[in-house]
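A short write-up of the structure that comes next.
The values are calculated or read from the model by the stated rules, or taken from the named source; none is laboratory data. Please read all numbers here as calculations on a predicted model, not as lab measurements. Cβ coordinates were reconstructed from backbone atoms using ideal geometry, including for glycine residues, and neighbour counts include every protein chain displayed.
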Amino acid sequence: MSRLILCAFCALVACAGQVDAGSIFSFNGQGYPVRRLDPRSTGMGGAGRAIVDGTNMSSFNPALLGAFQRPAMFGQYALQRRNVDDRNTSRAIADGDLTGIKTVFPFRFRGAFTVGMEALTDVDITLVDTVGTGGEEHLLGLKGTGGISAIVLGFGQKIGKRLFLGAHADLVVVGTLTESWTKDLLEDLLDDSEPFFSKDTVTRSQRGVQFTFGGVYTPGNMSIALVARPKATITQKVLVENRLTTNAITFDAVETERDIEFPATFGAGLAYARSERFLVAFDLEYAGWESTAPGRHNTLETALGIQYQMLPDNARRIGRRYDLMAGVYRRTLYFATSTGEQIAEMGVSLGLGIPFERESGKFRWTLDVGVRGDTQVHSASETYFKQTFSVAGWIQ
């Protein structure tokens, strides 16, 4: 009897440039780029572009869809805690997000179509600082939330016995970036008893499309992947609402549009399956962010991971097969910094996959621990702990 497990539960910094609050995580871009991985790849440090086994839900290579032979549904939820340290203070930030939900529909001629929704960038930042001098000295506050998301449409096709090709389109029509900028003039600088306060709320929404093309070649127990994402220009609508308080309250709103750019990106992957139980993968990705805005840096990401499948403890090897995953990675970030030194991020990951009965689906949990930035070089650093929970189901 066929059965589909429905996945309902599962799955830094935005554009501003008005003020540099002295943090490497201040607003100087589209936001923190989300690694679009399924939990297995997350548990393997981010590797997996070449794992073409009919269960890989990662969006970094659309050619993976060509291996699906039965309909599937997938959802993923992530919880993260970040400890932010600068030269003066230390604070913790926690957030949780549905990072992806996707369905896959195979068709007759060895291929599959997918539709879903995924986060592309993430924003969660809070800063308060004293800026200005003399009569202009004031407290400046910033709170940023949201992110850029996309509706994903894609397909993959198996050609011959060893080649898989695919393409997908990210329709950037969902997700907003919201910034709140507050200004409080220090009381001891005021000549009267009335406080001075202003608040700017900036809401950014996007529309546009970016494409990704990929391929996987599978000679023997090895598979090799290549992925390319051309440069894309997205239209961003910016709504600025201002509230100013002195002895009266005034309100003003201005709406404008501008173009923002996502860089050309190239990725490659290598996977080797010694047996059905043991899998190792290595990936790298390069993105040309320097061409999208002054001060930004090109980025490079490398990841290495393994998966080991535990066999049931009986002579006939009948029963559930649990997956154990581990990996390491290093990636650089595109953000402009006051020193000009690029920010690096390094981490390790672990994961566990628990199958449902009759191989109808799988629950996966991963833990990702890492650091980004250097307090001495970039004025701030972060240590982060991220847990990912996902459920995937297949029709038998």
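Taking (1) farther than 29 Å from Ala67 by Cα; (2) in contact with an Asp or Glu (Cβ under 7 Å, 6 or more places away or on another chain); (3) of a type in the set (Ser, Thr, Tyr) in turn, Ser149 satisfies each apart from (1). For the range 318-374, the strands (runs of 3 or more DSSP E) that sit wholly inside it and include 1 or more residues that are among the aromatic types (Phe, Trp, Tyr) and buried (at least 20 other Cβ atoms within 10 Å of the Cβ) are 322-332.
Residues in the range 375-396 that are assigned to a loop (DSSP other than H, G, I, E, B) and either of a type outside the set (A, V, I, L, M, F, W, C) or at pLDDT 85 or above (or both): Ser379, Gln396. All told, Arg49 meets the bar of being surrounded by 24 or more Cβ atoms within 10 Å (Cβ to Cβ), within 19 Å of Tyr329 (Cβ to Cβ) and in contact with a strand residue (DSSP E or B) (Cβ under 8 Å, 6 or more places away or on another chain). Remark: Gly160 falls outside the filter, which requires a residue to be surrounded by 17 or more Cβ atoms within 10 Å (Cβ to Cβ), under 30 Å from Thr55 (Cα atoms) and modelled with pLDDT of 85 or more.
One line per residue, one yes/no per condition, for (1) in contact with a Cys (Cβ under 8 Å, 6 or more places away or on another chain); (2) aliphatic (A, V, I, L, M); (3) modelled with pLDDT of 85 or more; (4) more than 30 Å from Tyr334 (Cα to Cα):
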site: Arg243; (1), (2), (3), (4): no, no, no, yes
site: Thr256; (1), (2), (3), (4): no, no, yes, no
site: Glu261; (1), (2), (3), (4): no, no, yes, no
site: Gly269; (1), (2), (3), (4): no, no, yes, no
site: Asp283; (1), (2), (3), (4): no, no, yes, no
site: Ser291; (1), (2), (3), (4): no, no, yes, no
site: Ala303; (1), (2), (3), (4): no, yes, yes, no
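Of the listed requirements (1) in a strand (DSSP E or B); (2) modelled with pLDDT under 90, Leu6 misses just one: (1). With the requirement that a residue be of a type outside the set (Gly, Ala, Ser) and either touching a helix residue (DSSP H, G or I) at 6+ places or on another chain (Cβ under 9 Å) or farther than 20 Å from Thr126 by Cα (or both), what does the range 68-93 give you? Listed by number, the residues that qualify are Phe68, Gln69, Arg70, Pro71, Met73, Phe74, Gln76, Tyr77, Asp85, Asp86, Arg87. Listed conditions (1) assigned to a strand (DSSP E or B); (2) under 25 Å from Val328 (Cβ atoms); (3) at pLDDT below 90 are all met by Phe25, apart from (1).
A quick yes/no check of all residues on (1) of a type in the set (A, V, I, L, M, F, W, C); (2) modelled with pLDDT under 85; (3) within 16 Å of Glu137 (Cα to Cα); (4) under 20 Å from the mean Cα position of the chain (by Cα):
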| position | (1), (2), (3), (4) |
| --- | --- |
| Ala169 | yes, no, no, yes |
| Thr182 | no, yes, yes, no |
| Leu185 | yes, yes, yes, no |
| Leu189 | yes, yes, yes, no |
| Ser198 | no, yes, yes, no |
| Thr201 | no, no, no, no |
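Among the residues of the range 136-150, some residue qualifies, meaning at least one is within 30 Å of Asn83 (Cβ to Cβ), acidic (Asp, Glu) and not in a strand (DSSP E or B).
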